[in-house]
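All remarks here apply to the structure that follows.
The values are calculated or read from the model by the stated rules, or taken from the named source; none is laboratory data. Every value quoted in this text rests on a predicted model; they were computed, and no experiment measured them. Here the Cβ is made from the backbone with ideal geometry for all residues, glycine too, and neighbour counts use every protein chain on show. Calculation scope for accessible area: heavy atoms of the full protein, side chains included, ligands and nucleic acids excluded. Shrake-Rupley method; radii C 1.70, N 1.55, O 1.52, S 1.80 Å.
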Amino acid sequence: MRTFFLIKPGEIELKLGNKHEFTQRLKDQIHRRLKGLHFDLEEYPGRFFLSIEDKDSKLALFVLQHCPGINGVARAIKTDKRVDSIVQAAIECAEAEVTSGAGSFKVETRRSDKSFPLDSYGMSVAAADAVLERFPALSVDVHTPDFVLMIEIRERAYIYSSTAPGPRGLPVGSQGKGLLLLSGGIDSPVAGYMMARRGLALESVYFHTYPYTSLEAQRKVERLAARVAIWTGGMHMWAVPFTEVQQAIARGPREEANTLMLRMAMMQASELIARHIHSRAIVTGESLGQVASQTAENMRLAQSPASLPVFRPLIGIDKEETISLARHIGTYDISILPYEDCCVLFSPKHPILKPDFGELLAYFESLELGNVIKTSVENAEEKVLHFTDALKEYGYQIDPGNHEQTLMDVGV
Amino acid sequence: MKDVYLDWAATTPADPEILRSSLEPSLEAYANPSSNHWLGRQAKQSLEESRTSLMRALGISKGSLVFTGSGSEADHIPLLALLHRLKPLDIRRAPHVIVSTIEHSAIDCQIRALQKLGVEVSWINPDSQGHVDPDQVAARLRKETVLVTVMGVNNETGAIQNISAIGQRIKDTAQGIGMKKPWFHVDAVQMLGKLAMREVPDYADSFAISAHKVRGPRGIGALWLSRPLEAFACGGGQEGGIRPGTENLFGVLAFRHVVEKVSESLENHNVHALMLESRLIEGVSRIKGALLVPQRRPRDAGYVPSIISIAFPGLGGEIIVRALSDRKIAVSTGSACSSNRRRQGRRVLQAMGVPDDISFSTIRLSTGPLTTPEDIDAFLEHAEDLYRKLKT
């Protein structure tokens with residue numbers, strides 16, 4: 001048996017000029033993410049339809065709900081356009097809702113096929129009458145129904161009741177590629193999620209200072225990257241060994257500037273990687289005023305080594321909101337694991353709060369970090385987090401051992 | 001490169017011969033020692049012979065030995081017995097215990113849990129050298145005091161506690177103020193194999209030991225008791241009703257044999273450990289900036305020679321542990337440094353008044369009978385090199 005999903009694309013509908021390209025992107029994304037499963041994806045104006053074997057339906061729904069560019073996903077019944085068939089499907093749909101305890105409903109019909117014999121209202125009434133006759137305990141409530149029975153009459157008729165929300169936004173890649181500065185904290189994974197929903201394909205960079213920081217800290221960031229990758233559809237991560245850069249900064253005479261210098265060095269390294277991977281932007285999780293170093297003056301200084309635009313999607317978001325987003329995207333529990341990823345030994349006792357831009361820029365130049373930063377980037381380790389790795393983080397597995405590549409749901 | 005294992009206080013490499021030779025008889029005596037058939041009786045006989053032999057190997061002729069699942073569990077039994085004394089409606093008579101602040105977490109954490117349930121606790125800090133003053137213990141005794149617990153040898157500094165003096169002062173003071181002498185428990189887990197145990201029963205009411213610290217298997221410990229106590233955990237009545245659970249005959253057999261072996265070689269092991277200690281202390285003195293915590297000389301009678309803490313100021317203990325580990329040298333920070341608390345030092349060293357920046361940068365070395373002078377040299381060489389390279 002096969003399950004049939006009706007997929008409602010997001011903002012694509014608004015982008016008249018690029019509509020075709022965006023639609024193609026979303027189709028590609030769905031195909032890539034469901035690779036290894038048997039499914040059919042059909043595209044009609046304003047809707048995609050996915051049909052997949054029942055055993056894989058739970059995973060397919062999970063994947064679709066994490067795919068930017070999708071507004072919502074509904075399990076639907078597909079029929080021919082005879083009124084009888086539609087009414088029969090409506091009863092079938094209502095039965096599932098009644099079984100799970102619903103007491104009231106309403107029917108909404110959309111009719112893009114204007115040659116259909118009944119108008120929208122007429123079709124809704126016909127379906128509602130039949131449902132009420134079959135389930136006399138149900139009542140109609142047009143304001144706050146327990147469920148809405150949707151009938152869409154297009155090239156065929158589609159009947160569904162509940163729609164699972166998607167991430168909305170734009171398909172990943174439709175705005176090009178960005179480089180995410182990822183740490184083990186709460187903010188940067190959320191920033192990645194937000195930019196993925198704005199259509200950026202993301203790679204990420206992580207700076208580690210082994211042995212000052214532990215391998216557990218690095219593993220934690222990899223897990224975070226895998227969780228962000230559920231939204232981005234897989235992700236490359238560049239693990240940059242930054243110990244020597246940090247040591248070179250620490251050897252400088254101005255301890256109070258260490259944190260700022262480190263941020264500038266990271267931005268310079270990120271710019272090198274971003275150029276290498278043809279990224280159009282750099283993404284950080286900074287939020288104005290959240291910590292002493294996240295001031296406008298400090299951000300100006302920190303971003304000065306980069307020529308690409310620096311996107312800071314959390315800039316105007318407070319910590320509570322960020323935490324709630326982190327919980328929503330499933331990164332919070334990992335972010336709060338106690339492995340620190342920047343060594344306190346290097347943190348100045350009295351960091352600079354109001355930097356003198358010109359003076360500190362000159363100090364950064366005087367440290368002559370260019371070569372040591374370049375070497376660190378050359379020694380960066382590229383880790384590929386496949387979409388299947390992301391699925392594993394959430395307890396799903398596309399089993400490559402099976403020749404037919406069937407799906408094994410190991411449960412969440 | 002050869003692995004260098006300098007973490008004997010954490011655990012020891014098991015003695016393969018003893019483990020193998022203990023397995024065979026435990027396979028033969030497979031029945032439950034509590035069963036009343038002949039097979040059960042055979043198992044019971046083997047168990048009781050081992051108990052007697054183990055006590056003999058420890059040099060102890062009085063009291064009884066109860067087998068447990070670990071040293072921690074052996075520590076818990078006298079502590080949890082306090083639960084019988086808790087009378088929630090009568091807070092004036094809440095039981096009172098005296099405990100040092102340098103105890104292993106098996107004691108420290110359990111006492112804190114009991115404290116939450118209403119037990120009153122007097123904590124005693126050691127002096128700056130890591131030793132608990134017997135007078136301080138005596139000064140805190142009061143009529144409600146039912147338990148005193150002080151460890152035999154500290155697992156981070158190697159400091160030997162003056163158990164005999166503490167036991168004597170408890171006895172004298174209790175007599176002086178006309179109270180019943182409180183129970184005196186000694187966590188002797190780090191003492192076994194390093195110091196003779198035979199005199200401990202003269203001044204303590206109970207002590208805990210563990211097999212895996214002396215090359216035995218994990219999962220077997222023992223509690224010596226001067227007299228039975230009313231244990232809190234109950235069940236099938238095994239081990240005199242003090243530690244329920246079907247007995248681990250394999251563990252008991254192996255425990256017996258490793259203790260017999262270690263008791264015979266106690267003097268040799270000590271000579272070996274003193275030689276390694278001298279080499280280590282002398283070597284550390286040549287590493288610029290490094291220091292012993294607390295400061296001590298070779299052959300200092302206040303410490304076992306096989307456990308020693310060394311600070312590398314300006315470099316976090318867990319960082320040097322990690323970097324040494326990459327070079328196949330195993331040492332430890334003594335206890336995991338909670339990394340989400342900024343510059344958090346360590347409980348035992350803090351209790352001694354060691355400043356946070358020193359305790360944060362301290363590692364613990366512990367040696368054993370298989371440790372070689374070359375192991376110490378390798379540690380010294382790499383520690384010096386890493387300290388120079390990584391110090392901030």
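Residue-by-condition table, conditions (1) part of a helix (DSSP H, G or I); (2) in contact with a strand residue (DSSP E or B) (Cβ under 8 Å, 6 or more places away or on another chain):
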residue: A:Gln247; (1), (2): yes, no
residue: A:Ala265; (1), (2): yes, no
residue: A:Leu272; (1), (2): yes, no
residue: A:His278; (1), (2): no, yes
residue: A:Ala292; (1), (2): no, no
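Restricting attention to the stretch A:246-291, the residues that are among the aliphatic types (A, V, I, L, M), open to solvent by 10 Å² or more (accessible area, probe 1.4 Å) and within 14 Å of another protein chain (Cβ to nearest Cβ) total 4.
For A:Asp113, the test of being assigned by TED's automatic domain parsing to the domain that holds A:Ala96 and either touching a strand residue (DSSP E or B) at 6+ places or on another chain (Cβ under 7 Å) or modelled with pLDDT under 90 (or both) is passed.
Residues checked against (1) part of a loop (DSSP other than H, G, I, E, B); (2) among the β-branched types (Val, Ile, Thr):
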| site | (1), (2) |
| --- | --- |
| B:Gly193 | yes, no |
| B:Arg198 | yes, no |
| B:Ala222 | no, no |
| B:Leu229 | yes, no |
| B:Thr246 | yes, yes |
| B:His257 | no, no |
| B:Val262 | no, yes |
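Of the residues making up the stretch A:232-245, those that are within 14 Å of chain B (Cβ to nearest Cβ) and open to solvent by 10 Å² or more (accessible area, probe 1.4 Å) number 3. Restricting attention to the stretch B:30-75, and to residues there that are among the charged types (D, E, K, R) and under 14 Å from B:His257 (Cβ atoms), which single residue is least open to solvent (accessible area, probe 1.4 Å)? Looking at residues that are among the charged types (D, E, K, R) and under 14 Å from B:His257 (Cβ atoms), I get B:Arg51. Restricting to the stretch A:83-93, what's the tally of residues that are more than 14 Å from A:Ala126 (Cα to Cα) and surrounded by 15 or more Cβ atoms within 10 Å (Cβ to Cβ)? Going through the stretch A:83-93 one residue at a time, the tally reaches 1. Being free of Cβ contacts under 8 Å to residues at least 60 places away in the same chain, within 29 Å of B:Ile170 (Cβ to Cβ) and over 22 Å from the mean Cα position of the chain (by Cα) is not true of B:Gly235.
Taken together, the criteria exclude B:Gly219 from residues that are more than 17 Å from B:Ser22 (Cβ to Cβ) and small (Gly, Ala, Ser). Could you check, for the stretch B:92-99, whether at least one of its residues is in the same structural domain as B:Asp135 (by TED's automatic domain parsing), assigned to a helix (DSSP H, G or I) and modelled with pLDDT under 95? Among the residues of the stretch B:92-99, at least one is in the same structural domain as B:Asp135 (by TED's automatic domain parsing), assigned to a helix (DSSP H, G or I) and modelled with pLDDT under 95, which makes the answer yes. Checked against the criterion of being more than 23 Å from B:Arg364 (Cα to Cα) and open to solvent by less than 40 Å² (accessible area, probe 1.4 Å), the candidates B:Gly193, B:Gly216, B:Gly167, B:Gly178 yield just one match: B:Gly167. For the stretch A:318-331, check the following and say yes or no: at least one residue is more than 14 Å from chain B (Cβ to nearest Cβ), in a loop (DSSP other than H, G, I, E, B) and within 28 Å of B:Glu318 (Cβ to Cβ). For the stretch A:318-331, residues more than 14 Å from chain B (Cβ to nearest Cβ), in a loop (DSSP other than H, G, I, E, B) and within 28 Å of B:Glu318 (Cβ to Cβ): present.
Looking across the stretch B:149-162, the residues that are open to solvent by less than 10 Å² (accessible area, probe 1.4 Å), outside any loop (DSSP other than H, G, I, E, B) and farther than 18 Å from B:Glu230 by Cβ come down to B:Val153, B:Ala159.
Checking B:Ser366, B:Ser338 one by one, the residue that is in the same structural domain as B:Ile287 (by TED's automatic domain parsing) and at pLDDT below 95 is B:Ser338 and no other. Candidates are the residues of the stretch A:162-219 that are in a helix (DSSP H, G or I) and within 14 Å of chain B (Cβ to nearest Cβ); the one that is least open to solvent (accessible area, probe 1.4 Å) is A:Ala217. Can you pull out the residues in the stretch B:312-334 that are open to solvent by 30 Å² or more (accessible area, probe 1.4 Å) and away from every other protein chain (no Cβ under 12 Å)? The answer is B:Lys328, B:Ala330. Among residues of the stretch A:1-31 being closer than 16 Å to A:Leu170 by Cα and of a type in the set (Lys, Arg), the one that is modelled with the lowest pLDDT is A:Lys15. The residues of the stretch B:270-296 that are under 21 Å from B:Gln350 (Cα atoms) and charged (D, E, K, R) amount to a single one, B:Arg296.
Regarding the stretch A:223-237, can at least one residue be identified that is assigned by TED's automatic domain parsing to the domain that holds A:Ser335, outside any loop (DSSP other than H, G, I, E, B) and touching a Gly at 6+ places or on another chain (Cβ under 6 Å)? The answer is yes, given that some residue of the stretch A:223-237 is assigned by TED's automatic domain parsing to the domain that holds A:Ser335, outside any loop (DSSP other than H, G, I, E, B) and touching a Gly at 6+ places or on another chain (Cβ under 6 Å). For B:Ser309, the test of being more than 14 Å from chain A (Cβ to nearest Cβ), under 19 Å from the mean Cα position of the chain (by Cα) and under 29 Å from B:Lys62 (Cβ atoms) is failed.
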